[in-house]
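FYI, it's all coordinate maths here, none of it is from the lab. Predicted, not measured: the structure shown is a model, and the values here were computed from it. Counting neighbours? That spans all protein chains shown, and the Cβs are built from the backbone with ideal geometry, glycine included.
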Amino acid sequence: MTEESKKSGFSRRSVLGGSVLAAGIGIMGVGSMLPQAAKAKERNEVRPGDLDDYYGFWSGGQSGEVRILGIPSMRELMRIPVFNRCSATGWGQTNESRKIIMENMLPREKKFWADKGDFPMNGDVHHPHMSFTDGTYDGRFIFVNDKANTRVARIRCDIMKVDKMISIPNAADIHGLRPQKYPRTGYVFANMEHRVPMPNDGSVLDEPGKYHAVFTAIDGDTMKVVWQVMVDGNLDNTDTDYQGKYAYSTCYNSEDGVNLAEMTSSVDDWAVVFDLRAIEAGVKAGDFKIYEGDVPVLDGRKKAKSNYTRYIPIPTSPHGINTAPDGKYVIINGKLSPTASVMDLRKLPDLFKNKIKPRDTIVAEPQLGLGPLHTAFDHKGNAYTTLFIDSQICKWNIEKAIQKYAGKKVDPIIQKLDVQYQPGHNHTTMGETKDADGQWLISLNKFSKDRFINVGPLKPDNDQLIDISGDRMKLVEDGPVFSEPHDCIMLPRALLTPLNFPGFDNPMWDDLKAQAKKDGFKSLPEASGVIRDGNKVRVYMYSTAPVYSLEKFTVKEGNEVTIIVTNIDDIEDLTHGFTLTNYGIAMEIPPQGSASVTFKADLPGVHWFYCQWFCHALHLEMRSRMLVEPA
Ligand code: K7E
Ligand code: CUA
């Protein structure tokens, strides 16, 4: 309880609970006389059997995964393992997923991980963003960052699985991430937040001047790093314009400090603007150095006085940076300053020609409240900014903020809505595209406190759904979520048509298909039998509900065994599994798809393997035996 509420004898909770209770009794009084169906449907209500209007893609924070939600129901529909090890699907254990996870690790990482279990099993996903074509989502991919292990992954939206994962050279973590919006993605930009010495060989600790951050451009089609730009300060969040000309990042720690006091000592930090054409020309002209991974690194630091970057002073420690759907304005959120700075994109060409000063690009700086972190948009020129410290969303009008900055007596603030509690990111339906539709807003709150029944010391976060279709924001739903959905995107369901079958033409199985051919099988779906290749044993089987094609097989203790299971059922939704008991092995086999796993048969005896995805009335009987003969 706050001091104030103690005095009055009411906590916010008891007042709220009381009013909800009273309202509930009122409804019950009337409701008991009315048939159930007569109750009006709430705008966010999705009745049993009905479908949601929007897909939501949620980053899973330190869980390392991505989640698919239905909006407006807020139902969690699916999880996509990315940087985590998944017990259900075998992500991180199957040969196919391990190849995706490991093939693009840097040589130094491969060396570091070689004797430790091969790759990091955790991740910290902050920013999920879909690929764009012509300023709007095109349904091809979702890109996500791993802040914990300096990686970027790509999810194929037709099968909702990761198909590429890369490590970023010359970087110590990857935080902000955004795809190019126009003409298409194109580049995926990734920010390094934690500055480290470059090269980071252990010879430097307390010489902040030798610490650097790099801004990275990845080719979203090939998932290769194409160039990097070294900058002053660190890089926090990033976004891109609707012309394909600029990208820009917020920077805190312009002081180049290495502890909290140093990092927050200056009253101004900045946003760095990157001129993509100038950078491409610099790469072409050879104006770069190579440090790690054959990637051209251009010098965009202040002292280099290059044409690659411009530094725009912003009150200390800005955080989120968000381009408005009109393509004209960029909102730079103050975090430690109660303001948001509005940058006019149309002024950037003059800035790069040095015709204007960096601050001339700022056309408004409205006072919004305490702790502005991120801003979302509708299609009517309004912005919705999260206020972390105030636990509010502030709805404000961009044009009015510009008029006020120019001296007019107008109030840009439209409404402040309490959210529960401490919002980080927020997001509107289609709000980061030119097709923002002003329907729903999500506030991703870092704390749920008293909003749910207590589940122990670790509490869920609270993602709240807010109806923004009217003039006033209206909170309509609480959504408890496991650690820690950082950010999300929402798009109409018509924009995606995921496949029911991954199809054997998926390159994920190219290696298996080739091996099956070599092992004398006509095709992967027809492969069934045991191939002995010295100490290596390859066991092929197909599955069709409710049996595996092999009832049993035998290997020798010490054999390196590869199990290849192909699910030949062609019924949508008919996933089989392969769980090898007491060997710590389980994997998902999608209909019209395969999965393989390799292990050492070092535990003699009879071992059952069974199907862990409910597939048939005789699903429990879907099991066979592996005999491991003692050496
Ligand atoms: Cu997008 Cu926390 Cu990584 Cu803001 S960040 S909240
Ligand atoms: Cu196959 Cu259960």
- Task: Name the long-range amide H neighbours of D232: under 5 Å, sequence gap of 5 or more, or other chain; modelled H, no Pro or chain starts.
- Result: K302
- Task: Please order F553, F57 by the number of other Cβ within 10 Å, starting at the fewest.
- Result: F553, F57
- Sequence-distant or interchain residues sharing an amide H contact under 5 Å with L77, placed H: which? I68, L69, G70
- Message: Can you give me the C-alpha center-to-center distance between segment 77-135 and segment 348-414, rounded to a whole angstrom?
- Response: 37 Å
- Please work out the Cα convex hull volume for segment 291-410 and give it in Å³ per residue. 142 Å³
- Most exposed first by the Cβ proxy, i.e. fewest other Cβ within 10 Å, how do I71, I331 rank? I71, I331
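Order of 426-437, 608-619 by packing, highest average Cβ count within 10 Å first?
In descending order of packing, they fall as 426-437, 608-619.
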- Query: Using modelled amide H (1.01 Å from N, peptide plane; none on Pro or chain starts), what sits under 5 Å from the amide H of G139, excluding residues fewer than 5 places away?
  - Reply: S131
- Query: Which GluC sites (Glu not before Pro) in segment 92-126 pass both tests, a DSSP loop state and at most 11 other beta-carbon atoms within 10 Å?
  - Reply: E103
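In terms of the Cα gyration tensor, with a ≥ b ≥ c the square roots of its eigenvalues, is segment 212-359 rounded because a/c is under 1.5, prolate because a/b exceeds b/c, or oblate?
oblate
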- What are the GluC sites (Glu not before Pro) within segment 545-623 that DSSP puts in a loop, where the Cβ has at most 14 other Cβ atoms within 10 Å? E551, E557, E572
- With N denoting the number of residues in segment 140-266, provide Rg(C-alpha) divided by 2.2 N^0.38 Å, to two decimal places. 1.11
- Message: Two decimals, Cα atoms only, Kirkwood Rh: what is Rg/Rh over segment 436-552?
- Response: 1.26
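For segment 59-152, what Kirkwood radius comes out of the mean inverse Cα-Cα distance, in Å?
14.5 Å is the Kirkwood radius here.
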- Item | Summed residue charge, Cβ within 10 Å of C488's Cβ, Lys/Arg positive, Asp/Glu negative | -1
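Please identify every one of the trypsin sites (Lys or Arg not before Pro) in segment 474-529 that sits in a loop by DSSP and has no more than 12 other beta carbons within 10 Å of its own beta carbon. Mind showing how you got there, number by number?
Working: sites: K474, R493, K513, K517, K518, K522; in loops: K522.
Sites meeting the loop and neighbour criteria: K522.
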- Item | Extent along principal axes [Cα atoms of segment 221-292; Å; largest to smallest] | 40, 32, 22
- Task: Two decimals is fine: what is log10 I(q)/I(0) at q = 0.16, 0.24, 0.32 Å⁻¹ for segment 416-460, from a Debye sum with one equal scatterer on every Cα and no solvent?
- Result: -0.55, -0.86, -1.11
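With the convex hull built on the Cα atoms of segment 374-499, state its orientation-averaged projected area in nm².
About 9.4 nm², averaged over all directions.
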- segment 359-408: spread of alpha-carbon positions along the three principal axes, whole Å, largest first, is 29, 24, 19
- Task: May I ask for the distance between the Cα centers of segment 463-484 and segment 204-233, given as a whole number of Å?
- Result: 36 Å
- Between the residues A217, S249, T238, the Cα farthest towards the positive end of the dipole of segment 185-289, that dipole coming from +1 and -1 charges on the beta-carbon of Lys, Arg, Asp and Glu, is from A217
- Item | Ranked V196, V188, criterion: other C-beta atoms within 10 Å, fewest first | V196, V188
- Note on the structure: By the Kirkwood definition, with r running over pairs of different Cα atoms, the chain has a hydrodynamic radius in Å of 26.7 Å
- Cα-based Debye curve of segment 280-358 sampled at q = 0.17, 0.24, 0.26, 0.27 Å⁻¹ gives log₁₀ I(q)/I(0) of -0.87, -1.11, -1.16, -1.18
- With -39,500 (n - 2.57) per DSSP H segment of 4 or more residues and division by the full residue count of the chain, the 222 nm estimate, nearest 500 deg cm²/dmol, is -3500 deg cm²/dmol
- Message: How are the alpha carbon pair distances in segment 506-631 distributed across 10 Å bins from zero to the largest one, expressed in percent?
- Response: 14, 47, 33, 6, 0
- HN-Hα J couplings of segment 350-361 from phi, Karplus 6.51/-1.76/1.60, θ = phi - 60°, integer Hz, Gly and Pro as x? 5, 4, 6, 8, 6, 7, 10, 8, x, 5, 5, 7
